[in-house]
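Here the structure comes first, spelled out in structure tokens, and everything after it is commentary.
The values are calculated or read from the model by the stated rules, or taken from the named source; none is laboratory data. Remember, it's a predicted structure, so these values are computed and weren't measured experimentally. Cβ atoms come from the backbone with ideal geometry, glycine included; neighbour counts cover every protein chain shown. Accessible surface areas use protein heavy atoms only, side chains included; no ligands, DNA or RNA. Shrake-Rupley method; radii C 1.70, N 1.55, O 1.52, S 1.80 Å.
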Amino acid sequence: MADRVTVIGWDGSPLTAAARSALSAATLVAGAAHHLALPEVPRGAERIRLGSVDLAARRIAGHRGSAVVLADGDPGFFGVVRTLRAPEHGLEVEVVPAVSSVATAFARAGMPWDDAQIVVAHRRTLRRAVNVCRAHSKVAVLTSPGAGPAELALLLEGVHRTFVICEELGTDREQVTVLTSDKAADHVWRDPNVVIVIGGAASAAVPGSGWIAGRDPGYPPAARGWALPPEPGAGAIGEGESVQLRAAQLARLGPRIGDLVWDIGSGSGALAAEAARFGAAVIAVDADRAACDRTAATARRSGVQLQVVQGRAPHVLERLPEPDVVRIGGGGVPVVTACTDRRPQRIVSHASTRDEAEAIGAALAAGGYAVECALLQSVELDTVAWAERERSVVFLLSGRQPDRAP
């Protein structure tokens, strides 16, 4: 019975001596159709068209002889190696790597990629991949049928990006196309492809300053901490925007990369910008043009990017993409009800009176959410005279879908 498999990466270039040696001894070869057509595949070897890697692994585990799996690019990078190494298959895996399709795509574009986010888009993960493209200025998307450049572009509606679309890398049909995201849905693209998504207010890069992969060289902003007081010149914060309430709201929301956050009634934009600092995509909504401008300015100062939508909730929410978590800064029960209808995982809001808190809590419960409420009191002190400077009392409400992960 086979207990060892050699996985060979192929990037379109001639196979290495190690790869040719492993193939020449193979009695079973698994791969896509273009892999199995390679002249180095032995004529007498059993051939498996690679669809489900789990099924192929079971076939390999039961095979008597030498097994080889061929895969595009680096098979250890979002590739077949993870599945083949699963304990249930009992396989020992040897890898002959090649240049990953992501590295090849950025090479074709002539761009560095240590500061890029890299995501895999399937039908089930497409929305989260799009959220990463909303939140970050450089993203490589490994696509799949039904989750390609056209689908990315359609879900990015309202957010301007540049697409570098690399089709069939390493083959004779390789093609690299650069166009704006609003044009990508007008074309039919060949699989497999990699899409580099570029745009937004990226931090100013300093040559040679990068030290961690997946982050802009200038990220995070210099300010350390969360729920920070407004910067000088940022304008006064509105009612319900105290730093203590903001900290508690962020803790209840738990925004993370791949999420889409709605901040309804964004006010100064402080919470929206801080949610974006967690890596989440953010849509900030406010009916007031001045508040929208303040939110955009706060995002620029914070070194993050987010989408600002001017409009009055709940009506403006109808055209927004599905949220994962929602912060409601105003609008009362009608806005809460409109948000529960969209089924985000978490909703947080606040109230200044008990009656208002009970009404919001009832609306959350009616929408199927488990409700928590806390009365928060904070007192700001003048540390020179140690006298009370400002007191804030507010009800913090949060709703969580009980049937979904916290």
Please work out which residue is surrounded by the fewest Cβ atoms within 10 Å (Cβ to Cβ), limiting yourself to the stretch 298-311 and to residues that are at pLDDT below 95 and over 21 Å from residue 132 (Cβ atoms). 301
Residue in the stretch 350-372 that is nearest to residue 320 (Cα to Cα), counting only those that are assigned to a strand (DSSP E or B) and out of contact with any Ser or Thr (no Cβ under 8 Å at 6 or more places or on another chain): 350
Please tell me if residue 341 is open to solvent by less than 10 Å² (accessible area, probe 1.4 Å) and acidic (Asp, Glu). no
Matching residues, the stretch 123-134, being in contact with a Leu (Cβ under 8 Å, 6 or more places away or on another chain) and open to solvent by less than 30 Å² (accessible area, probe 1.4 Å): 126, 129, 130, 131, 133, 134
Subset tally (residues that are closer than 23 Å to residue 377 by Cα and either in a helix (DSSP H, G or I) or open to solvent by 50 Å² or more (accessible area, probe 1.4 Å) (or both)) for the stretch 313-332: 2
Touching an Asp or Glu at 6+ places or on another chain (Cβ under 7 Å) and under 30 Å from residue 160 (Cα atoms): does that describe residue 344? yes
Checked pairs for the stretch 248-266, first touching a residue at least 24 places away in the same chain (Cβ under 8 Å), second of a type in the set (Ser, Thr, Tyr) and open to solvent by less than 10 Å² (accessible area, probe 1.4 Å), C-beta under 6 Å and 6 or more apart or across chains, list as 266/295
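Residue-by-condition table, conditions (1) at pLDDT below 95; (2) in contact with a helix residue (DSSP H, G or I) (Cβ under 6 Å, 6 or more places away or on another chain):
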| site | (1), (2) |
| --- | --- |
| 337 | no, yes |
| 355 | no, no |
| 363 | no, yes |
| 371 | no, yes |
| 390 | yes, no |
| 397 | no, yes |
Being among the hydroxyl-bearing types (Ser, Thr, Tyr) and crowded, with 22+ Cβ neighbours inside 10 Å is the filter here, so list the residues in the stretch 135-171 that pass it. 143
Provide a single number: the residues in the stretch 267-312 that are more than 22 Å from the chain's Cα centre (by Cα) and either among the small types (Gly, Ala, Ser) or not in a helix (DSSP H, G or I) (or both). 11
Considering every residue within the stretch 91-102, establish whether at least one is part of a strand (DSSP E or B), modelled with pLDDT under 95 and open to solvent by 70 Å² or more (accessible area, probe 1.4 Å). yes
In the stretch 62-74, residues that are part of a loop (DSSP other than H, G, I, E, B) and open to solvent by less than 30 Å² (accessible area, probe 1.4 Å) total 2
For the stretch 1-25, the count of residues that are assigned to a loop (DSSP other than H, G, I, E, B) and not small (Gly, Ala, Ser) equals 6
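Counting just the residues of the stretch 26-61 that are part of a loop (DSSP other than H, G, I, E, B) and of a type in the set (Val, Ile, Thr), which one comes out nearest to residue 88 (Cα to Cα)? Write out each step before concluding.
Within the stretch 26-61, the subset part of a loop (DSSP other than H, G, I, E, B) is 26-27, 32, 37-45, 50-52.
Remaining after also requiring of a type in the set (Val, Ile, Thr): 27, 41.
Values: 27: 22, 41: 28 Å.
Across the stretch 26-61, the extreme among qualifying residues is 27.
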Taking the criterion of being surrounded by fewer than 17 Cβ atoms within 10 Å (Cβ to Cβ) and under 26 Å from residue 166 (Cβ atoms), would at least one residue in the stretch 15-31 satisfy it? yes
